[in-house]
Amino acid sequence: MNVKVLASGSDANCVYVGNGETAVLIDLGLAKTKAEKILVANGIDPTKITAVLISHEHQDHCRGLAFADKYKIPVFASEGTLKALKRGDGIDGNVINCPTGFNVFEDDFIFVHPFKVHHDAAEPLGYAITNKVFKVSVLMDTGKVTDDMIQAMSFSDVYVFECNHDEEMVKEGDYPDVTKSRILCDVGHLSNDAAAAALAKLIRGKGEQVYLTHMSSNNNMPALALATVKRALKAKGFIAGQHYHIGVV
């Protein structure tokens, strides 16, 4: 499967996972026209998108649903997220609360396995995407990583992982206290340290690819996030570029 992080950050998030003629977008925070331009610039035909999977209803993850509607691409999410988006009643809409397959009778099928995450939204989800030989886990906004989440993401070949902030930068920064509390709480965003601890449980040193995403421009630095994750993985005996590959988007 081909994985491309098309957008990442506080403004917009969008991840492409494709396999032959089957492809999905996880989140669509790009406005309709911008989504079209970025897809075409990456050699992706918008008419070949099989489904859009939304993690939760915050605008940086769903702003571009007009793009999905234009191309008549079905939008899948939890019942709570569909209700929050006012797309049907969340019951007769495209609820994804159990494994769902696309093109399951063809060789290039993709299965989507949703899992619960912890964020201040209606009913947020992360997604593990699999076919016969490959697995991609996409973890967007979450305040913590639980054992259930680790189990859902285990044995992935690619991890698209939130690495939002450095805790000390948040505490010492200029944000109002209420904003700081929201970021740091268990339904806020994932810190560098929390992401590193989770990845230390997930990485097996089999050449996995890690993309650190959703990075705060005010409360993080790419070099700091990379160093934090690499240090945690080095303690497990894994060296970047040798046992796994990592980059910041």
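The values are calculated or read from the model by the stated rules, or taken from the named source; none is laboratory data. Computed from a prediction, not measured in an experiment: that's the story for all the values here. Note that each Cβ is placed from the backbone with ideal geometry, even for glycine, and that neighbours are counted across all protein chains shown.
Is at least one residue of the range 199-214 surrounded by 22 or more Cβ atoms within 10 Å (Cβ to Cβ), in contact (Cβ under 8 Å) with a residue 60 or more places away in the chain, under 24 Å from His58 (Cα atoms) and not basic (Lys, Arg)? The answer is yes, given that some residue of the range 199-214 is surrounded by 22 or more Cβ atoms within 10 Å (Cβ to Cβ), in contact (Cβ under 8 Å) with a residue 60 or more places away in the chain, under 24 Å from His58 (Cα atoms) and not basic (Lys, Arg).
For the range 5-59, filtered to residues that are surrounded by fewer than 15 Cβ atoms within 10 Å (Cβ to Cβ) and among the charged types (D, E, K, R), the residue that is farthest from Ser78 (Cα to Cα) is Lys37. Here Val178 does not fit the description of being within 19 Å of the chain's Cα centre (by Cα), modelled with pLDDT of 95 or more and outside any loop (DSSP other than H, G, I, E, B). Remark: Ala152 matches the filter, which requires a residue to be crowded, with 19+ Cβ neighbours inside 10 Å, out of contact with any Leu (no Cβ under 9 Å at 6 or more places or on another chain) and of a type in the set (A, V, I, L, M, F, W, C). When you look at His243, is it surrounded by 14 or more Cβ atoms within 10 Å (Cβ to Cβ), more than 30 Å from Gln59 (Cα to Cα), in contact (Cβ under 8 Å) with a residue 12 or more places away in the chain and in contact with a Gly (Cβ under 8 Å, 6 or more places away or on another chain), yes or no? Here the answer is yes, as His243 does meet what is asked. The set of residues in the range 128-157 that are out of contact with any helix residue (DSSP H, G or I) (no Cβ under 9 Å at 6 or more places or on another chain) and farther than 21 Å from His118 by Cα comprises Thr130, Asn131, Lys132, Val133, Phe134, Asp157.
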